[in-house]
Structures are given as C-alpha cells and as structure tokens.
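Accompanying notes for the structure given below.
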Amino acid sequence: MTTRSVRELCERFWQLEREHGLLEHPVAGVRVWQLLRMPIYYRLARATGVFAEPHVENESLLDAIKAAGALITAVTRNPLRGDYQCETLVFDHARKPLVNGRHVDIYTQSLLEHLPPGSFDVLESLYLGKHLAPPEPYRRYLDAVTIGTFMYHHTHRVRFTAEERRWIAAVEKSVVSAFGTPLALDALFRREINHYRYCSAYYRGLLLKRRPRRIFVVVSYAFYKRPLFAVARELGIETIELQHGTMSPYHLGYSFPDTPGTLEHFPSALHTFGEYWHTAAKLPLPPERIHTQGFPHFTQQREQFRTLPRRANQVLFISQGVIGARLAEFARALAVARPDLQVVYKLHPGEVDGWRARYSSLVVAASLPNVTVVESGDKPLYAWFAESADLVGVFSTALYEGLACGCRTFIVDLPGREYMQDLIDRRIVHLAGSVEDYLRLREGPPLSVFDSEYFFASTPT
C-alpha cells in the first residue's frame, strides 16, 4: 500500500495503535511500544519511501570500540565510578557543534553555567564514534552502557508466552496490511526488551548511588535514554526534557493524540523554547508540567550576528538527511534557473561524510559558480541566517531559527512539510512546490508579521 506523506503515515500509525492498544500493552512485562515508537516510525517512513535513509547519529558497539580509548574510558569515566552524591544529572545531546572554537551542547550550555559547581554530572553518549566535548571533571561517558547492552543482548534470551507471540503476530499482520511492509517485530521487541532490562538496572544503580533530585534530558526518545524515565518515576525523581527541535502533530516523539495523562516511558516535565511549543503537539503531559525556558544559545547568537549586512540575492538551504537528495535537486535547479542568485547549501553535520556519493545533484551544483556547499561549522549557522535574504528547507528546527533571525522562509513541498503546516496556514512562511513557485512567491506580497518571542522566548516564564 502506497504511503505518500507524513500525515498519511501518522494517521495509519495512530489507527494501528488504537486497534491493538500498543502504547499500554506489556510484552514480557515491558510496554515495549512506548520505547520503540520513534524507531518504528522511522523504519516505516523509510520502507514506504516517505523518507530516505537519514544521517546516522546513533552510537553502536562498533562506535564505542573505534572511539579512542573507549575501553579505558568505559572504566575511567563510567558514571558509576566514585562514591559521591549530586543534586542534578544531565543527559546531554551527543552532537556538539563548534561555538567560538569549542564543542558545546547548545541545549544544556546555559543550564550548566547556572548550576552550582560540584552539584551535577553530565552523561554523554558517542556522536559518530567520538566524544566531542572537552573532558571536564563532571563529564561521564555512557560507553560502558553501549558495550554492556550489546553483551547483555547476546547472552540473555527473552521468552514470550504463546499469547504474546499470537499478539505480536497479529500486530505484524496489521502493519503489513496498513503499510505493505513487515517489521520483524519479534526480533525488534526482543532486542529492545533486553536493552531496557540492562539499562534500567544500570540506571537504577546509578540513581540510587548519586541520589539526584532532578534529571535533565535532551532527546528523550534517543536509544540510551528511553529506559531512564520509568526508573526515575519509580524512585520519585523528576525528569525534565529540554527542547532540542521542532514539535508538531506529526512528530511521534512528542505527539500522542490518543493518550490522556502521562506515559511510563516519557519525561515528567518539559521545558520549551517558547509558548508556541506548548500546544504544537498533543503532549502526554498536563499543562502545569510544561514551562517556557527559552533558548539562550539562539538569543545570544542572533544578537552576536545581528549587524551583518543582509545579501538580497543569497538563498540559504537547510538540509536534512531524510529529504536531502530531493532538496539538493531543488537547489541545483534553482541555481541553474537563476545564475544571479547565490545558493548556499548547508549540510547537516550527519550528512557531511559521504554526501558526494549520496547526492549526485549536489555534486553537479557544487561545480556551478553561484553555489556554495557548506560542509564545516567554521562559519556559524547564525551568521548565514543574518546574511541571507531567503531561507529554504522542509522541517528543520533551523527554519524556525532563521525565520526568527529575519529570513524570508520557504518550505519545499516534500515529506515532512506537514510539521510546518501551522506556519504555512498563517502565512508566516511560503509553501513552494517547485522552483517556479519559489521564484514567483519571492516576488509576491510580504508574509505575515509574527513575534519571534512566541517561538524563542528571551527570558523564562
């Protein structure tokens, strides 16, 4: 069965959840669908052709072994090492861009600056086989969890009852009927249940030893973070997710339209960039557990580059792995059609390795005199925002940032643009189905005025 859009994919996905009660149904004592919801969504998106293979950010055993000194740091920087307590644990974002010559997590940087010294630990996963941040004394590595999870899965067997096997087979049959592709749910469930059992035991030991009052997390649906929330909930520890990207009715890491109240495997609170995000998705949290924290990194960077002169003929493309090939073709076609425009194509960090093999259109475009392909972070993204008149993409968080930096923003009609439907409907951004659409719209009437504070508050509320 053909699936043409993210909206159609999500609607079928939600119907499947309703039909089988997937979010609440335990398998081998674990509500495994809650843990696997985002990975399964991405598998279905790729299998149905809605998304291409994304850039890879997940760490693996091979990444841990390849990382310099990984087996040593698995011991020396193990979060369980040392007898002490700390008030706060921070599970940060593995990807850390260069800011003023230093790799930092832009989502937790301000938080760490305001926490009392000695009161916190930061727990870091690998990013593309590396630990990027400087090895501060408070920084601990989750390499031991990477290695331990792999070993546990290969030495422990998950046993399903006959009833559980029948239920899994029924869900698999419904998946094939709805999406035209199998998922091998039996194997997926076994792996995730083993992952959950190992990680939950590890985190229980960690939390009992450190006795934190609260835990901050970036990307709650990331592989090694998913098992954390149920354990913390059992121990009465607050878990707070710091927003790191867009949220929409079609982002299944945050949108739970049929779920009242809270979920076992979801943080107990959320701190957002701005008020807009409180209702951007059907969050499984009561309103009093959602607070506006702002995005200090964005506010600082916007101010730093505010005075750069804007170039009326510069068009900045923001790429994403799942739609990169198609967006690159759009950029190539635009550069050919309008040699007077300077086309800047900003690759996502996860796309940089191997983009020449994957994006043939971009290879062609890169040879044109009016195209620049940005592979490095030497020049800050916010400087590109400040200089560019137009911003083009599909559903990246950077589109909201560029919009709030004053760029005239265009959404290309590719899978995932549903994330931006609210802004399209309110004429805050343009929707362009083709290069011709884009060229026509950029000469048309101005877009609606909006308050950037609504998206990125400069102060907490």
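When you scan region 447-458, do you find a residue that is touching a strand residue (DSSP E or B) at 6+ places or on another chain (Cβ under 8 Å), within 25 Å of Gln243 (Cβ to Cβ) and of a type in the set (A, V, I, L, M, F, W, C), even just one? Please lay out each step first, then the result.
Pass one, region 447-458, residues touching a strand residue (DSSP E or B) at 6+ places or on another chain (Cβ under 8 Å): 447, 457.
With the extra rule that they be within 25 Å of Gln243 (Cβ to Cβ), the set shrinks to 447, 457.
Imposing the further condition that a residue be of a type in the set (A, V, I, L, M, F, W, C) reduces the set to 447, 457.
There is at least one residue in region 447-458 that is touching a strand residue (DSSP E or B) at 6+ places or on another chain (Cβ under 8 Å), within 25 Å of Gln243 (Cβ to Cβ) and of a type in the set (A, V, I, L, M, F, W, C).
In this structure, is Asn78 assigned to a loop (DSSP other than H, G, I, E, B), modelled with pLDDT under 95 and either in contact with a Cys (Cβ under 9 Å, 6 or more places away or on another chain) or within 29 Å of Ala325 (Cα to Cα) (or both)?
no
Taking region 218-236 on its own, how many of its residues are outside any loop (DSSP other than H, G, I, E, B) and farther than 22 Å from Gly82 by Cα? Walk me through how you get there before you give the answer.
Residues of region 218-236 outside any loop (DSSP other than H, G, I, E, B): 218, 228-234.
In the following step, the residues that additionally are farther than 22 Å from Gly82 by Cα were identified as 218, 229-230, 233-234.
Total meeting the criteria: 5.
For Thr292, state whether it is polar (S, T, N, Q), at pLDDT 95 or above and either under 18 Å from the mean Cα position of the chain (by Cα) or over 25 Å from Ala383 (Cβ atoms) (or both).
The answer is yes for Thr292.
Test Val373 against the criterion of being modelled with pLDDT of 95 or more, touching a Lys or Arg at 6+ places or on another chain (Cβ under 6 Å) and of a type in the set (A, V, I, L, M, F, W, C), and give yes or no.
Criteria not met by Val373.
Within region 362-375, is even one residue among the β-branched types (Val, Ile, Thr), open to solvent by 30 Å² or more (accessible area, probe 1.4 Å) and either assigned to a helix (DSSP H, G or I) or under 21 Å from His244 (Cα atoms) (or both)?
Yes, that holds for at least one residue.
Keeping to region 407-428, report how many residues are assigned to a loop (DSSP other than H, G, I, E, B), open to solvent by less than 70 Å² (accessible area, probe 1.4 Å) and within 21 Å of Ser5 (Cα to Cα).
Number of matching residues: 3.
How many of the residues making up region 429-440 are in a helix (DSSP H, G or I) and surrounded by fewer than 17 Cβ atoms within 10 Å (Cβ to Cβ)? So that I can check it myself, show each step before the final result.
If we filter region 429-440 for residues that are in a helix (DSSP H, G or I), which is where we start, we get 435-440.
This time we only want the ones that are surrounded by fewer than 17 Cβ atoms within 10 Å (Cβ to Cβ), so: 436-437, 439-440.
Result for region 429-440: 4.
Can you tell me which condition Pro135 does not meet? The list is (1) modelled with pLDDT of 95 or more; (2) open to solvent by 60 Å² or more (accessible area, probe 1.4 Å); (3) not β-branched (Val, Ile, Thr), and all the others hold.
(1)
So, in region 222-242, exactly how many residues are within 19 Å of the chain's Cα centre (by Cα) and surrounded by 21 or more Cβ atoms within 10 Å (Cβ to Cβ)? Don't jump to the end; show me each part of the working.
So the first thing to find is which residues in region 222-242 are within 19 Å of the chain's Cα centre (by Cα), and the list is 222-229, 239-242.
Next, only the ones that are surrounded by 21 or more Cβ atoms within 10 Å (Cβ to Cβ) stay: 223-229, 239, 241-242.
Counting residues in region 222-242 that are within 19 Å of the chain's Cα centre (by Cα) and surrounded by 21 or more Cβ atoms within 10 Å (Cβ to Cβ) gives 10.
Output yes when any residue across region 156-178 is outside any helix (DSSP H, G or I), open to solvent by less than 30 Å² (accessible area, probe 1.4 Å), more than 15 Å from Leu22 (Cβ to Cβ) and free of Cβ contacts under 8 Å to residues at least 40 places away in the same chain, and no when none is. Walk me through how you get there before you give the answer.
Kept after step one, since they are outside any helix (DSSP H, G or I), are these residues of region 156-178: 156-161.
From the residues that got through so far, the ones that are open to solvent by less than 30 Å² (accessible area, probe 1.4 Å) too are 158, 160.
Filter once more, keeping what is more than 15 Å from Leu22 (Cβ to Cβ): 158, 160.
Within this subset, residues satisfying the condition of being free of Cβ contacts under 8 Å to residues at least 40 places away in the same chain are none.
No, every residue in region 156-178 fails to be outside any helix (DSSP H, G or I), open to solvent by less than 30 Å² (accessible area, probe 1.4 Å), more than 15 Å from Leu22 (Cβ to Cβ) and free of Cβ contacts under 8 Å to residues at least 40 places away in the same chain.
Note down all Cβ pairs under 8 Å where the first residue falls in region 280-299 and is over 13 Å from Tyr254 (Cα atoms) and part of a loop (DSSP other than H, G, I, E, B), the second is open to solvent by less than 10 Å² (accessible area, probe 1.4 Å) and modelled with pLDDT under 95, and they're at least six residues apart or on different chains.
Note: no pairs meet the criteria.
Would you mind stating whether Val75 is β-branched (Val, Ile, Thr) and surrounded by fewer than 19 Cβ atoms within 10 Å (Cβ to Cβ)?
yes
Looking at the structure I just gave you, is Phe273 in contact with a helix residue (DSSP H, G or I) (Cβ under 8 Å, 6 or more places away or on another chain), under 22 Å from Thr459 (Cβ atoms) and among the aromatic types (Phe, Trp, Tyr)?
On the way: in contact with a helix residue (DSSP H, G or I) (Cβ under 8 Å, 6 or more places away or on another chain): yes; under 22 Å from Thr459 (Cβ atoms): yes; among the aromatic types (Phe, Trp, Tyr): yes.
Taking the combined requirement at face value, the residue satisfies it.
From the set of residues in region 112-131 that are open to solvent by less than 40 Å² (accessible area, probe 1.4 Å) and hydrophobic (A, V, I, L, M, F, W, C), which is farthest from Arg211 (Cα to Cα)?
Leu126
Can you pull out the residues in region 25-64 that are assigned to a loop (DSSP other than H, G, I, E, B), at pLDDT 95 or above and either open to solvent by 40 Å² or more (accessible area, probe 1.4 Å) or of a type in the set (Ser, Thr, Tyr) (or both)?
His25, Pro26, Gly29, Arg31
Determine if region 308-318 includes at least one residue that is over 23 Å from Gly416 (Cα atoms), open to solvent by 10 Å² or more (accessible area, probe 1.4 Å), among the charged types (D, E, K, R) and part of a loop (DSSP other than H, G, I, E, B).
Within region 308-318, one or more residues are over 23 Å from Gly416 (Cα atoms), open to solvent by 10 Å² or more (accessible area, probe 1.4 Å), among the charged types (D, E, K, R) and part of a loop (DSSP other than H, G, I, E, B).
Within region 397-419, can you find the residues that are under 17 Å from Arg440 (Cα atoms) and among the basic types (Lys, Arg)?
The one that is under 17 Å from Arg440 (Cα atoms) and among the basic types (Lys, Arg): Arg408.
Can you say whether Val145 is farther than 30 Å from Thr299 by Cα, surrounded by 21 or more Cβ atoms within 10 Å (Cβ to Cβ) and touching a Ser or Thr at 6+ places or on another chain (Cβ under 9 Å), as far as the supplied structure shows?
So Val145 passes the test.
Exactly one condition in (1) touching a residue at least 60 places away in the same chain (Cβ under 8 Å); (2) open to solvent by 10 Å² or more (accessible area, probe 1.4 Å) is not met by Tyr198; state its number.
(1)
What residue, of Leu188, Leu208, is open to solvent by 10 Å² or more (accessible area, probe 1.4 Å), among the aliphatic types (A, V, I, L, M), under 17 Å from Cys86 (Cβ atoms) and assigned to a helix (DSSP H, G or I)? Explain how you work it out, then say what you get.
Numbers: Leu188 fails: under 17 Å from Cys86 (Cβ atoms).
Going through Leu188, Leu208 in turn, just one is open to solvent by 10 Å² or more (accessible area, probe 1.4 Å), among the aliphatic types (A, V, I, L, M), under 17 Å from Cys86 (Cβ atoms) and assigned to a helix (DSSP H, G or I): Leu208.
How many residues are assigned to a loop (DSSP other than H, G, I, E, B) and buried (at least 16 other Cβ atoms within 10 Å of the Cβ) when one looks only at region 12-24?
2
The values are calculated or read from the model by the stated rules, or taken from the named source; none is laboratory data. Just so it is clear, the model here is predicted, and its values are computed rather than measured. Quick reminder, even Gly has a Cβ in these numbers, built from the backbone with ideal geometry, and neighbours come from all protein chains shown. Heavy atoms of the whole protein, side chains included, go into the accessibility calculation; ligands, DNA and RNA do not. Shrake-Rupley method; radii C 1.70, N 1.55, O 1.52, S 1.80 Å.
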